[in-house]
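Below is one structure, written out as structure tokens; comments come after it.
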Amino acid sequence: MILNMESYIDMKPERLDIFLVKAFPELSRSNIQNLIRDGAVRVNGNTVKTGYLLSPKDQIFFPDERPVNDIAAPEAKDIPLDIVYEDEDLIVIDKPKGLVIHPAPGHSDDTLVNALMFHCGSSLSGINGELRPGIVHRIDRDTTGLIVACKNDEAHIFLSEQLEKHSITRRYKALCHGTFREGEGAVDAPIGRSKNDRKKMAVVQGGRHAVTHYRVLESFRDKSLIECRLETGRTHQIRVHMSYIHHPLLGDEVYGYKNDSYKSCGQYLHAYLLGFIHPRTHEYMEFTSELPEYFENTLEKLRGETKDNRPL
């Protein structure tokens, strides 16, 4: 992500590491300093020291998550990709369920990164380090749909700036428990690490600003199909926000109901629309993806059950 210091109007000269500790309270100062020393944090495109004094004109690149030192560098693997669009700067993929985006503890191989390395060779941006070449944004393992990766650093920075300014269009379709009183709404609640379980995210005081807009597309007897539009892009944002308002996603093993009979499918969440300004042509491009078969089959089943329970 990109942090523009000119957005912090009242900012006084401050050390880079101290500023980042305040910006990311879930990380310790030693975590932040290690990221800076490893070159994962850049200021104005350059690596700097932890004590670098920031000025209002500075621009910080901060990685989406901490590098994991005990995972071997990924290798290219011939994993089939559903390519929606590709050119010399970027590639748009329709990700299937079960495919992890990049190597992480428990999933060090057979990821989207491995597949991209095979398909693109050395033509992937290196901004996010050797574990996440080309990766600009992520969707969860069991979330399906559209994701864009970059082939060079210039394209990566350009798209990262759009993400930071919330100008990238990202819309999802989700199947939730329960029905809604209103046809649309928004959840504006900060997200951070759960105090009870550090492996989970939660709505917490002092968390990072997070806003999810939703609109009901279809209602069933006790479930709803909704469209979600992300204003921000926090980890597990839609899943956390919908659980927070008591409409957890079907199949969500982490944030859903314990007795959910759909757990074997994973959460019903599909990134169906992705739009952005192209880094080279500066033209707006938009892509869509059809719901996967398992999702459509469940919808048809719910439609049948709802029809059968209507009064004659």
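The values are calculated or read from the model by the stated rules, or taken from the named source; none is laboratory data. None of the values given here were measured: they were computed from a predicted structure. Every residue, glycine as well, gets a Cβ built from its backbone with ideal geometry; the counts of neighbours run over all protein chains shown. Areas reflect the complete protein model, heavy atoms only, side chains present, ligands, DNA and RNA absent. Shrake-Rupley method; radii C 1.70, N 1.55, O 1.52, S 1.80 Å.
If R0 is taken as 35 Å, the Cβ-Cβ distance between Ala73 and Ile245 corresponds to a FRET efficiency of 0.30. Within the same chain, lysines fewer than 8 places from Lys301 are excluded, and of the rest, those with a Cα less than 26 Å from its Cα are Lys95, Lys97, Lys173, Lys223, Lys258, Lys263. Between Thr179 and Lys57, how many nm apart are label points set 7 Å from Cα along the C-beta direction? Calculated label separation equals 6.0 nm.
The apolar share of the surface of the chain, taken as the fraction of accessible area on carbon and sulfur atoms (1.4 Å probe, ligands and nucleic acids excluded), comes to 46 percent. Computed over protein heavy atoms with a 1.4 Å probe, the accessible surface of the chain works out to 51 Å² per residue. Computed over segment 101-209, the percent of Cα pairs more than 16 Å apart is 71.
Estimated from the Cβ-Cβ distance and a Förster radius of 22 angstrom, the FRET efficiency linking Arg198 and Phe24 is about 0.90. Of the Cα atoms belonging to segment 127-181, the radius of gyration and Dmax stand at 14.6, 47 Å. All Cα-Cα separations within the chain were binned at 20 Å from zero, giving a P(r) of 30, 59, 11, 1, each value a whole percent of the pairs. Of the residues Asn114, Asn34, Asn46, the one that moves most in a GNM of the chain with alpha-carbon contacts below 10 Å is Asn46. Computed over the Cα atoms of segment 14-54, the ratio of the radius of gyration to the Kirkwood radius (Rg/Rh) comes to 0.92.
Find how much the distance from Ser122 to Gln205 grows on full extension, using 0.36 nm per residue of separation minus their present alpha carbon separation; answer in nm with one decimal.
Net length gain for the segment: 25.6 nm.
Just add up the charged neighbours of Asp82: K/R +1, D/E -1, any other residue whose Cβ is under 9 Å from the Cβ of Asp82. Neighbour charge sum, excluding Asp82 itself: 0.
What FRET efficiency, computed as 1/(1 + (r/R0)^6) with R0 = 22 Å and r the Cβ-Cβ distance, is obtained for His166 and Ile83, rounded to the nearest 0.05?
It comes out at approximately 0.25.
When the chain is treated as a Gaussian network with alpha carbon springs shorter than 10 Å, the biggest mean-square fluctuation among Ile277, Ile135, Ile238 belongs to Ile277. Taking chymotrypsin sites (Phe, Trp or Tyr not before Pro) across segment 126-221, none is in a DSSP loop with at most 13 further Cβ atoms lying within 10 angstrom of its Cβ. Each Lys and Arg adds +1 at its Cβ and each Asp and Glu adds -1 at its Cβ; summed about the Cα centre, segment 67-195 shows a dipole of about 640 debye.
Volume of the convex hull of segment 206-312 (Cα atoms only), normalised per residue: 146 Å³.
Segment 106-178 and segment 248-282 have Cα centres lying 15 Å from one another. On full extension, the segment bounded by His107 and Glu300 gains 66.2 nm, given 0.36 nm per residue less the C-alpha separation.
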